[in-house]
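Structure first, then comments.
The values are calculated or read from the model by the stated rules, or taken from the named source; none is laboratory data. No experiment lies behind these values; they were computed from the predicted model shown. All Cβ positions, even for glycine, are placed from backbone atoms using ideal geometry, and neighbour counts span all protein chains on display. The accessibility values were calculated without ligands, DNA or RNA, using every heavy atom of the protein model including side chains. Shrake-Rupley method; radii C 1.70, N 1.55, O 1.52, S 1.80 Å.
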Amino acid sequence: MAARHGIEVIGGSDEEVVEKLRELTDGRGPDSVVDAVGMEAHGSPVAGTAQAATGLLPSSLGRAAMEHAGVDRLSALYTAIDAVRRGGTISLSGVYGGMKDPLPMLTLFDKQIQMRMGQCNVRNWTDDILPLVDDPSDPLGVLDLKTHTAPLDDAPEMYEKFQKKQDGCIKVVLKP
């Protein structure tokens with residue numbers, strides 16, 4: 001999706017991405033990094049297994065387990081911490097839900113990193129944004145984000161396709 005809009009896409013391992021970002025910024029690192037992945041990030045088999053096991057518990061027990069002992073897959077966040085310049089800002093729009101996540105506090109403090117985060121205040125903006133999203137002239141350009149359309153009955157299969165990054169699936173619009 002980024003490449004379609006003329007944005008340079010940097011691939012490779014986490015270390016290769018950090019190295020390339022430093023090359024592009026004369027060794028400094030980017031001023032800001034956005035982690036929009038959150039706990040869906042890949043890269044931690046232990047955390048992935050813990051999340052899967054928590055998902056098998058009855059909802060009240062699973063919720064309690066994540067609130068008191070939960071850990072997230074922090075690969076994307078660790079990469080953001082490594083990549084951002086000293087005094088830079090990391091913005092988290094990806095959701096992390098674990099209560100026992102180990103963070104490299106010494107690195108965050110030493111690099112003087114600012115952290116900005118929080119869930120979108122959807123209810124505050126619904127009345128303003130919904131008419132723009134429904135507008136057939138697409139003033140926000142949201143139609144370009146859609147990669148797939150499917151009937152509501154196909155939601156489980158489309159979620160799996162999205163999760164496995166199959167068939168270029170980025171955003172699915174479900175039709176009732």
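Think of region 105-176 as having a plus end and a minus end, set by charges on the Cβ of Lys, Arg, Asp and Glu; of TYR159, GLN112, ASN124, GLN112 sits farthest toward the positive end of this dipole.
So if each residue of separation counts as 0.36 nm, and I subtract the Cα-Cα distance between LYS171 and MET105, what length gain in nm does that give?
Roughly 20.3 nm would be gained on extension.
Expressed as a whole percent, how much of the Cα-Cα distance distribution for region 91-176 exceeds 17 Å? Working shown, then result.
On the way: 2568 of 3655 pairs.
The proportion of pairs with Cα distances above 17 Å equals 70 percent.
With the whole protein complex present, CYS169 retains an accessible surface near 10 Å², based on a 1.4 Å probe.
One chain, two ends: MET117 and SER93. Fully extended at 0.36 nm per residue, the span grows by 8.0 nm beyond their Cα-Cα distance.
What region 94-176 shows is 80 Å² of accessible area per residue, with the surface traced by a 1.4 Å probe over protein heavy atoms.
Listed values for region 126-131 are Karplus-derived 3J(HN,Hα) couplings in whole Hz (6.51 cos²θ - 1.76 cosθ + 1.60, θ = phi - 60°), namely 3, 5, 7, 8, 3, x, and x replaces Gly and Pro. Only protein heavy atoms count here; on that basis, with a 1.4 Å probe, ILE7 has an accessible area of about 100 Å².
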